[in-house]
Amino acid sequence: HATPVTPALTGVLDVALGAAHACALLDDGSVACWGDIGFGKGDHLALPTGVPGINDAKHVFAVGAASCATMSNGAFVCWGDIDEKGHLRLSGGARDHRVPTPGEGLGYVVALTEAGALREDGDVDVWGSNGVPKHSALTRITEIAAAGEGVCGLTKDGDVVCAGGAPHCAAAVPARPAPKAPKARGKKGKKAKGPAKLPEPAAIETLALPKAR
């Protein structure tokens, strides 16, 4: 078992946990990482080590064996297990330990998953196994989650919408059992008919969530 360590860090604003590493955003805009994360080489970092070139970060993220940061000017940079264009890739294949590289086609990212990114304006970009981001139909999103190549988002109206290769998070909702028939009788002494059995609902792509009170 790995020996627990206490990172000697101060001024920590946020922490992101990857598959076997962690990164911390510090109050001076720098980012320090430790564990199985490399900045050009595959060494295990036993102690928090500053990520080279990252000194104006606003957000920090960790996905699998890669980490990323959004700069104050909106630029998006990733390091570790990424491709030569700074793109994240779905799990599988050879692992890289690349230096911080601007993520081509991405910017102003406020939330990140293995298969998609949420921008400040509420739009969502998604990608498949090749990691190349493309704009999706998801807009006005406040949170995102991913499963495989599918990305789902929570809208400002409280709905869940999905995009990508396999949006299974919007599965069919099982039908509720029909309530029991009442015991009241009609005018001629006949038992009143109970309500008809509810039909099975069809699979849906959007789920309406209850509004918070």
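Would you list, by chain and number, the aspartates and glutamates whose Cα falls below 18 Å from the Cα of Lys156, excluding same-chain residues fewer than 8 positions away?
Glu120, Asp121, Asp123, Asp125, Glu143, Glu205
Quote the accessible area belonging to Leu26 in square angstrom, nearest 10, computed with a 1.4 Å probe and with ligands, DNA and RNA left uncounted.
So the heavy atoms of Leu26 present about 20 Å² to solvent.
Loop only by DSSP, 16 or fewer other Cβ within 10 Å of the Cβ. Give me the GluC sites (Glu not before Pro) in the range 16-122 that pass, ordered by residue number.
Answer in residue order: Glu84, Glu120.
Residues of the range 1-118: accessible area per residue at 1.4 Å, in Å²?
Using a 1.4 Å probe on heavy atoms only, each residue of the range 1-118 averages 48 Å².
In the range 37-155, carbon and sulfur make up what percent of the accessible area (probe 1.4 Å)?
Using a 1.4 Å probe with all protein chains present, the range 37-155 comes out at 51 percent carbon and sulfur.
The values are calculated or read from the model by the stated rules, or taken from the named source; none is laboratory data. Being a predicted model, the structure only gives us computed values, none of them experimental. Note that we place each Cβ from the backbone using ideal geometry, even for glycine, and neighbour counts take in every protein chain shown. Surface accessibility is based on the protein's heavy atoms, side chains included, excluding ligands, DNA and RNA. Shrake-Rupley method; radii C 1.70, N 1.55, O 1.52, S 1.80 Å.
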